[in-house]
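The structure appears right after this line, and notes come after that.
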Amino acid sequence: MQNFLGEQHRLARSIRGTTSSRPHLGWLLAGLAALPLPAAHAAVDGGVGAQDQEPTLKSVTVTATRREESLQKVPVAVSVVDGEQLERDNRNGVASIVQQVPSLNFRTGASNKDTSLFIRGVGTISTSPGVEPTVATVIDGVVYGRPGQATLDLLDLERIEVLRGPQGTLFGKNASAGVLNIVTKAPSAETHGYIDQSYYSGNESRTRFGIGGSLIPDTLKGSVTALFGSYDGNVDNLHNGQEVNGYNRKGVRGKLEFTPSEDLKFTLAADYMQAHDDAPNGVVSKALTPAFANALNPVRASSDNRDINTDTRTHVDDINKGLSGQLDWNLGDYTLTSITAWRGWNNTQYQDGDRLGTVTAAFPGTADKGDLDYNQYSQELRLASPKGQFLEYVGGLFYMHGKDEETYRRTLTTTTSVNRGVADYSTTNDSYAVFGESTLNFTGDFRGIAGLRWTHDDLKYDHRRVSTSPTTVSGIQPGTQSSGSVDEDGWSGRLGLQYDLSDTVTSYLTYSRGYKGPAYNVFFNMQPRDTGALKPETSNTWEAGIKASTWNNRLTTNLAVFHSEYDNYQANFFDTVAGQVVTRLINAGSVSSEGVELDYALQATQQLKLSGALAYTRARIDEFACPAGAAASCNVNGKPLPFSPDWKSYVRADYSIPLDNGLDIELGTDYSWQSEVQYDISQNLDTKQGAYGIWNASIALADYNDGWRVALLGKNLADKSYSPLLASGGNYIYRAVPRDDERYFGVQLRKDF
């Protein structure tokens, strides 16, 4: 069995037959360069003997409602990204798909612990273990409790579904802005293996290989996939001549699928990923004082700077691992699903807090080390009713226990002394829920939707910090100790109507109530003002959508219009603690997000596939609740939420040229663009990234009958430098440097057997 895209091209060749046109290659390349249109996210339907059929888009199946349904029929705004295409595009994790999904944004950091996701402009920026992400990540039905768990390389992907808007009814309380529903590949019955090797400029190498098939015919099948990846980086440390901002990763994922009868299936999955990343703790893009500019020498701060001068090596050692068992039991026409899972996460980060190579009287040196140990256990039971009844429903029970233990050490070095602070802190969360969502089929074309979830949270924390100084020194507060606990009940749900305008056009109108539980701002420099629990965050969202398949299923267009209002919004506000800029987690007041989203796909000809997405998102602060003693400006009402550009778009085109000897030439290009974005909720003028666009292209030669493919790709062909993060360090502004901050090229080789 070949891969999915291999099947797509064989089907396309059978449809085209010997009458397919072959335009001149130079003309085609010029046309693709001038027309940055996107590739369809679906294959062409057809088969042997289908030469007379018109090209059509293959239907896409999603599990956005906890059961398999057609993307064009589900009353939810969903974007679907193909896993194999992500790897071909050198987009290897959650952070890399934000260019393809305009409603999705990502906050990066020196460690995956410091990352967070945003959907429709809403997300939570915090390194505190006492707060949940606003955007939930679910992999094969398992909810990930911390956002940093899912930001490394993802193995054996089938697809990623980005569910936009509150999804708390079926996916849990930490889905008040949306869900990344990640589905990995199921083992195949036919024995199949592959090896995929890629090389990119900058000395980046990625190796994937896997094998799978039946172990016991009709009863047991399995698969295992492994990854090895390394990259030197694209940032130079002038202090020691080393290259940084790279990675070294290895991992494995395996599945066993046991089917003792037609009514019973048990899937056991295990994964392990080990990463060693050396992303710098920010690259200085602007010096705010002449003194700091002199101290930074020989680095020259600029908006496209890729040099650092640090004496402490910032790097992260990370291990993510997990085990899950899913039982699917058909009880007549009903299906009972049980998912039992454990996940472990170990993260150790070393950071240069001062971002300088030498210690001076004006600029002392700061070095941090943080150790994290997190374990979670979850159990979910779901019962799904049969389809085709007047009342269809999915209901269940959910429990999750999470325990986070951290130790954070800070060393402050001056010209005359060395001070140290150590904080040990932990959080424990127990969450219980009862949920259900039903569809009432009033007629064959008209349906009602009703869902409700009750959640109970128990959250507690302990914190103890000791310091060698009895008074405040730069970056280190005196010793303190505190603990606390809170429990809350919350309700989330969904009501709506769905009406099929025709067999190929459906419309829907829904109201959703979102809920995210209480939180604590637990971090190294935690003070008495931080010991109070944050109130739960709630939201109300109205959404109207229409999904259409036209032109004999050659064109699909999905449109969604939404308006969301959030109360007790949990957000980070930049403040100064002990002379250092930190982010304080607060109930920031009320915010709103509204906009329009469009997804489309077009099978223009048998050889040309187009698709893309466009999003207008107006995410604004309505009423900001200024914290006492804030060091930054609170005059932010009416201003944009951070990490939320008003406009984003993605377009792509793929064109295949079949040759008489069974080979295929594949040409592809894509272009993503976004408008200006502010990264700081306090609206710092220096933390704005201007509008920019990124253009990529590829050319490949493949023989899917023999199971091989060779591709050459170019990334950021216009050589546009941009910053996915800009933040203030007090005396300077620093930025994150993305992998494609400059033009680079690569070659990919794949062999199936």
(request) For the stretch 496-507, just list the computed ³J(HN,Hα) in residue order, Karplus coefficients 6.51, -1.76 and 1.60, θ = phi - 60°, integers in Hz, with x standing in for Gly and Pro. (result) x, 10, 10, 9, 7, 6, 7, 5, 10, 10, 10, 10
(request) Using the charge dipole of the stretch 4-752 (Lys, Arg: +1 at Cβ; Asp, Glu: -1 at Cβ; taken about the Cα centre), state which of Ile694, Phe435, Val138 has its Cα farthest towards the positive end. (result) Ile694
(message) Taking 25 Å as R0, compute the FRET efficiency from the Cβ-Cβ separation of Asp317 and Glu243 and round it to 0.05.
(response) 0.85
(request) For every other residue with a beta carbon closer than 15 angstrom to the beta carbon of Glu257, add +1 if it is Lys or Arg and -1 if Asp or Glu, then tell me the sum. (result) -3
(request) With the Cα gyration tensor of the chain in hand, convert its eigenvalues to equivalent ellipsoid semi-axes via √(5λ) and list them largest first in whole Å. (result) 42, 32, 25
(message) Please list, by residue number, every one of the trypsin sites (Lys or Arg not before Pro) in the stretch 352-394 that is coil in DSSP and has at most 16 other beta-carbon atoms within 10 Å.
(response) Lys387
(request) Return the calculated 222 nm mean residue ellipticity for the chain, to the nearest 500 deg cm²/dmol, obtained by summing -39500 (n - 2.57) across DSSP H runs with n ≥ 4 and dividing by the residue count. (result) -1500 deg cm²/dmol
(request) With a cut-off of at most 14 other beta carbons within 10 Å, and DSSP calling the residue loop, which trypsin sites (Lys or Arg not before Pro) in the stretch 283-329 qualify? Please list them. (result) Arg300
(request) Between beta-carbons, use under 10 Å as the cut-off and find the net charge around Gln242, counting Lys and Arg +1, Asp and Glu -1. (result) -3
(request) Could you tell me which of the pairs Lys58/Lys185; Lys321/Lys535; Lys173/Lys265 are separated by over 23 angstrom between their Cα atoms in the structure shown? (result) Lys321/Lys535; Lys173/Lys265
(request) Can you tell me how much longer the chain between Asp445 and Tyr511 gets when fully stretched, taken as 0.36 nm per residue apart minus their C-alpha distance, in nm with one decimal? (result) 21.8 nm
(request) Counting only GluC sites (Glu not before Pro) that are in a DSSP loop and have at most 13 other C-beta atoms within 10 Å, tell me the longest site-free stretch of the chain. (result) 263-675
(message) Only four residue types carry charge here, +1 at the Cβ of Lys and Arg and -1 at the Cβ of Asp and Glu. Report the dipole size of the chain about the Cα centre in Debye, rounded to the nearest 20.
(response) 820
(message) Can you give the local net charge around Val224? Use residues other than it whose beta-carbon is closer than 11 angstrom to its beta-carbon, Lys and Arg +1, Asp and Glu -1.
(response) 0
(request) Considering the options Asn540, Gly396, Asn705, tell which one lies farthest towards the positive end of the dipole of the chain, charges being +1 on Lys and Arg and -1 on Asp and Glu at the Cβ, about the Cα centre. (result) Asn540
(message) So if I take the centroid of the Cα atoms in the stretch 191-234 and the same for the stretch 694-725, what is the distance between those two points in Å?
(response) 19
(message) How tilted is helix 25-34 with respect to the longest principal axis of the chain? Cα atoms for both, answer in degrees (0 to 90, nearest 10).
(response) 50
(message) Please give me, ordered by residue number, the chymotrypsin sites (Phe, Trp or Tyr not before Pro) of the stretch 452-498 that lie in loop per DSSP and have at most 11 other Cβ atoms within 10 Å.
(response) none
(message) Give the lysines reachable from Lys648 as a straight Cα distance under 17 Å; neighbours fewer than 8 places away on the same chain don't count.
(response) Lys688, Lys720
(request) Kindly express, to the nearest 10 degrees and within the range 0 to 90, the angle between helix 4-16's C-alpha long axis and the longest C-alpha principal axis of the chain. (result) 40
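Only the coordinates and a few stated rules stand behind these numbers; no lab work does. Everything numeric here is computed off the predicted structure, so don't read it as measured data. Neighbour counts run over all protein chains shown; Cβ positions are idealised from the backbone, glycine included.
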